[in-house]
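Computed from the coordinates by the stated procedures, all read-outs in this text should not be read as laboratory data. The structure displayed is predicted, hence computed values, not measured ones. A quick note on method: Cβ atoms are made from the backbone with ideal geometry, for glycine too, and the neighbour counts reach across all protein chains shown.
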Amino acid sequence: MASSNQKSTKALHILQAVQTVDNIVKSITDKTITDAKDDRLPIELKVSEESTLLRRVFLEEQTGMKLPVLTGKEPFSDLNKLEGNIENFIGMSQIPTGVIGPIRVIGSAAKGDFFVPLATSEGALVASYHRGAKACLLAGGATSVCLVEGVQRSPLFKFHHLGDLGQFVVWVLSQVDKFCEITEESSRFAKLEDMRSNIEGNHLILTFEFHTGDASGQNMVTICTDKICKYIIENTPIQPEMWFLEGNYSGDKKATAQSFSTVRGKKVTTEIVLPAEIIQGVLKTTARAMADYWRSSTIGIIQSGAIGAQGHYANGLAALFIATGQDAACVAEAATGITRMEEKENGALYCSVTLPNLIVGTVGGGTALPTQRECLELMDCFGTGNSRKFAEICGALVLAGELSIAAALSAGHFASAHQNLGRKK
C-alpha cells in the first residue's frame, strides 16, 4: 500500500521535472526556424559506399564517435562478453543500422541535439523518422519530460479461504520496513517504493514497485521480490496453499489496462508546436489535415479495442531498442501510449505523445555489448546517470514518428513513400 510520503515523493519528482523543463524553455529566446541548421546529415535514397562513408565522417565530426565495431573496422571476437546475454550461441544476426537527426530535445535530463541510431530492415522507417526529426529541429525542439519511474513484480498467493487471506494481508502490511531492508541487501540500486494488493476470491496479488536506478530493472526486481517472498514464506503465521513469483499481473512484456493509471519503467510525455511553414515545407501537408486525420484515426483505434491511441510507436522503439541493447520484447508494453494533435492559430499544429511504460536502461542487459554501447554513446547515453535522458530521447523519437506518419496519411503520400523506399528494386 502506498504511504502518503511515497505518494508525495512521486508528485514532487513530477513537479521538479516539469519545472526544470519550464526553466529551460524560458531560457530559449529564439525558438524559430532560423535557429536550426537544415539537412545537416548527408542523406540519399540509395544505399552506397560513398554516402555511408560521408555519414560516418559527418557523425565523427559532429559527435567525436568513430563507431569502430558498428562500422566493421574492428571485429567482435571476445565471446566472453556475451556471457549473461545468450545461451547456445552460434553467431550474430546482422541488422542494418541507420541514423536520424539531429532531433532537438528540451528535457529535464536530455538537453540538446541528438543523432538517434535505428536498427531495422523495414524500408522507409528511417526516412520517415528522419523527416519528423527534421521538423522538430526546425521548430526549435521537442519538450520531453520523464515524469515518474517504477518497475513492478506481482507475486500471487493462494489461500484456503478469505479468512486466512485477511490474516496474511494484515501481517504482510506490518512487514513493509523489513521488505525495504531485504531489497537494499539484495541490490545496490533497487529501492522498494510501493506495495499494493489485489484480492480475487482466495487469491492475493501483491505488487511490489521498485526504483531500479539506470537499469531497465526486470531481473533486478525479480531477484529482490523472490527474496522478499522467501522471507514471507519462512516467517508468515498464515501459510498460503501455494505461491508464484509472478501472477501475470505486473504487465511484464504486455499491454494492459493498468498502463495509464500507473507507471511501468518510465513515464514520459513529449510535446511540440509546429509552425505552418514547417508543416508545409517539411511534412508537405497542413495542420488541419493532420488534426482531422488524428481525430478520425482515434475513433478507428477505439473501435479496434486497442489499449491507447497512437500510430506506430513500436516502429521507432523496436529499432532503437535493438540498436541500443534494450530488451526488444518490452516493446509489447513500451509501445502503449496516446498521441494527440490539435490545430492551433495561424495554421500551427500542437502534438503530444505520452508513453507510460518505457522499460529502458543505460546499464546492464545488452547495453554493454560492443555495437549497442556505441549506439548509446552516440547519444551520450551509456552508463550510470543517463536512463532518464535516454527515456526523454525515446519520447522525442516517438513524437517525430507520429508527426511523419500522420502527415503522410493525411496528405495521401503513405503508399508512395513505401513504394519508393520500402520495396526491392
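Quote the Stokes-Einstein diffusion coefficient, in whole µm² s⁻¹, for the chain, based on the Kirkwood radius over alpha carbon pairs, a temperature of 20 °C and a viscosity of 1.002 mPa s. Diffusion coefficient, whole number: 93 µm²/s. Of the trypsin sites (Lys or Arg not before Pro) found in the stretch 58-89, those that fall in a DSSP loop while having at most 10 other beta-carbon atoms within 10 Å are K73. Based on DSSP loop calls and a cut-off of at most 12 other Cβ atoms within 10 Å, the longest stretch of the chain free of exposed GluC sites (Glu not before Pro) is what? In short, 242-425. Calculate the dipole size of the chain relative to its Cα centre from +1 charges on Lys and Arg beta carbons and -1 charges on Asp and Glu beta carbons; express the result in debye to the nearest 20. Dipole magnitude for the chain comes out near 740 debye.
Positive end of the dipole of the chain, charges at C-beta (+1 Lys, Arg; -1 Asp, Glu), about the Cα centre: which of S51, T222, S108 has its Cα farthest in that direction? Towards the positive end, the residue furthest out is S51. Here the stretch 303-331 and the stretch 90-140 have alpha carbon centers that stand 14 Å from each other. Considering only F179, F208, F168, the mean-square fluctuation computed in a Gaussian network model of the chain, springs between alpha carbons under 10 angstrom, is largest for F168. Sequentially through the stretch 397-406, phi angles give Karplus couplings (6.51, -1.76, 1.60; θ = phi - 60°) of 4, 4, 4, 4, x, 5, 4, 5, 6, 5 Hz, Gly and Pro residues having no value and appearing as x. Ordering T384, T269, T362 by the number of other Cβ atoms within 10 Å of each residue's own Cβ, fewest first, gives T384, T269, T362.
Students often get this wrong, so check it: of K66/K111; K191/K253; K73/K253; K111/K266, which have C-alpha atoms separated by over 25 Å?
K73/K253
Comparing S261, S387, P117 along the charge dipole axis of the chain, the residue lying farthest to the positive side is P117, per the Cβ-charge model. Over all orientations, the stretch 155-244 has a Cα convex hull whose mean projected area works out to 5.3 square nanometres. If you take all other residues with their beta carbon under 15 Å from the beta carbon of W243, and give Lys and Arg +1 and Asp and Glu -1, the sum is -2. Would you mind checking the tilt of helix 125-138 against the longest principal axis of the Cα atoms of the chain, expressed as 0 to 90 degrees and rounded to 10? So the inclination is approximately 80 degrees. Structure remark: mean-square fluctuation, Gaussian network model of the chain, C-alpha springs under 10 Å; the largest value among Y249, Y231, Y293 belongs to Y231.
Taking a straight Cα-Cα cut-off under 14 Å and skipping sequence neighbours fewer than 8 places away in the same chain, the aspartates and glutamates within cross-link reach of K389 are D113, E149, D214, E377, D380. Compared with the dominant principal axis of the Cα atoms in the chain, helix 218-235 is inclined by about 10°.
Scaled against the 2.2 N^0.38 Å expected of a compact globular protein of N residues, the Cα radius of gyration of the stretch 63-110 reads 1.65. The angle between the Cα long axis of helix 313-324 and the longest principal axis of the Cα atoms of the chain comes to about 80 degrees, rounded to the nearest 10.
Computed about the Cα centre, the dipole magnitude for the stretch 155-244 is approximately 100 debye when only Lys and Arg (+1) and Asp and Glu (-1) carry charge, each at its Cβ. Taking 17 Å as the straight-line reach from the Cα of K227, the aspartates and glutamates in range (excluding those fewer than 8 positions away in the same chain) are D177, E181, E184, E185, E193, D194, E209, E246. Counting Lys +1, Arg +1, Asp -1, Glu -1, what net charge surrounds Y231 among other residues with beta carbon under 14 Å of its beta carbon? My count for the surroundings of Y231 gives -3. For the chain, modelled as a GNM whose springs connect Cα atoms under 10 angstrom apart, the maximal fluctuation among Q94, Q16, Q239 occurs at Q94.
Both the radius of gyration and Dmax for the stretch 103-214 are 22.4, 63 Å, in that order, over alpha-carbon atoms. Projecting the Cα atoms of V151, G132, V69 onto the charge dipole of the stretch 65-157 (Cβ charges, centred on the Cα centre) puts G132 farthest toward the positive pole.
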